[in-house]
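Contents: one structure, followed by commentary.
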Amino acid sequence: MNTEGSDRLVQTVVINCGRALAQAVDEQDLLQSVCNTLVNNCGFRLAWVGLTEPSTSNSIRLVAQAGDEDGFLQESRCSETPATLAMQAGESCCIKAIADSPLVVPIRAAALKRGYTSALSLPLKSDGTLFGALTIYADDPGKLDEPIVEQLRQWSDLFALRLKTLRSLQERDLKNDFDNIAARQRLENRLR
């Protein structure tokens with residue numbers, strides 16, 4: 001990808017992913033919207049988000065995805081390898097050439113069969129605690145050049161913060177709902 005194309009992609013990511021962050025109404029909406037934006041507006045082939053299971057730090061549960069029409073994420077280890085690497089290191093894992101990288105041997109054949117040439121997995125952290133990863137696959141190794149990778153790294157921090165904010169709001173709303181139900185039950189009991 002040439003410099004002009006890379007600059008245009010950086011702008012597209014900033015604008016469209018920023019819009020997805022701002023317009024999300026809840027956690028699942030945010031997760032799905034981000035994946036859809038990365039595939040439909042930014043031109044990546046596949047985007048998915050995996051969150052860690054509460055009891056483990058290395059088990060990843062797929063919670064949102066876009067672009068996986070041919071079942072790549074259903075194949076053995078395909079939904080784990082780059083994300084697991086990013087989460088174990090606690091930093092982004094960029095694989096510029098899937099065909100040559102020893103890091104992705106378990107998924108190489110499945111990825112190349114689908115035309116994926118490069119991948120980027122970004123760990124999601126909140127208050128220093130790792131809680132998931134956003135993984136992106138491209139069909140052009142130039143789409144994951146240094147300027148776009150750096151922009152995605154910065155943006156993933158905002159994504160994690162927005163996710164944390166939405167979770168806090170949902171927890172507060174849930175607590176308010178429980179409080180309202182309890183108050184209503186107390187009132188009904190008194191009226192009886």
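Here the contact order of the stretch 5-99, divided by its residue count and restricted to Cα pairs under 8 Å and six or more residues apart, works out to 18 percent. Each peptide in 153-159, 91-97 receives the mean, over its residues, of other Cβ atoms within 10 Å, and ordering these scores from highest gives 91-97, 153-159. Estimated at the nearest 10 Å², the accessible area of Asp26 is 50 Å² with a 1.4 Å probe. Per-peptide packing, taken as the mean over residues of other Cβ atoms within 10 Å, places 69-76, 40-47, 107-114 in the sequence 40-47, 107-114, 69-76 from highest down. Computed 3J(HN,Hα) for the stretch 12-26, one whole-Hz value per residue from the Karplus formula 6.51 cos²θ - 1.76 cosθ + 1.60 where θ = phi - 60°, is 4, 4, 4, 5, 6, 6, x, 5, 4, 5, 6, 8, 5, 9, 7, glycine and proline marked x.
What is the sum of charges around Cys17, taking Lys and Arg as +1, Asp and Glu as -1, for the other residues whose C-beta is under 15 Å from the C-beta of Cys17? With Lys, Arg at +1 and Asp, Glu at -1, the net is +2. At a probe radius of 1.4 angstrom, the accessible area of the stretch 10-124 per residue rounds to 45 square angstrom.
When the alpha-carbon atoms of the stretch 83-129 are used, the pair Rg, Dmax equals 11.9, 39 angstrom.
From largest to smallest, the equivalent ellipsoid semi-axes obtained for the stretch 6-155 from the alpha-carbon gyration tensor read 20, 19, 15 Å.
The values are calculated or read from the model by the stated rules, or taken from the named source; none is laboratory data. Being a predicted model, the structure only gives us computed values, none of them experimental. As a convention, Cβ positions derive from the backbone with ideal geometry for all residues, glycine included, and neighbour counts pool all protein chains shown. Remember, those area values only see protein heavy atoms, side chains included, never the ligands or the DNA or RNA. Shrake-Rupley method; radii C 1.70, N 1.55, O 1.52, S 1.80 Å.
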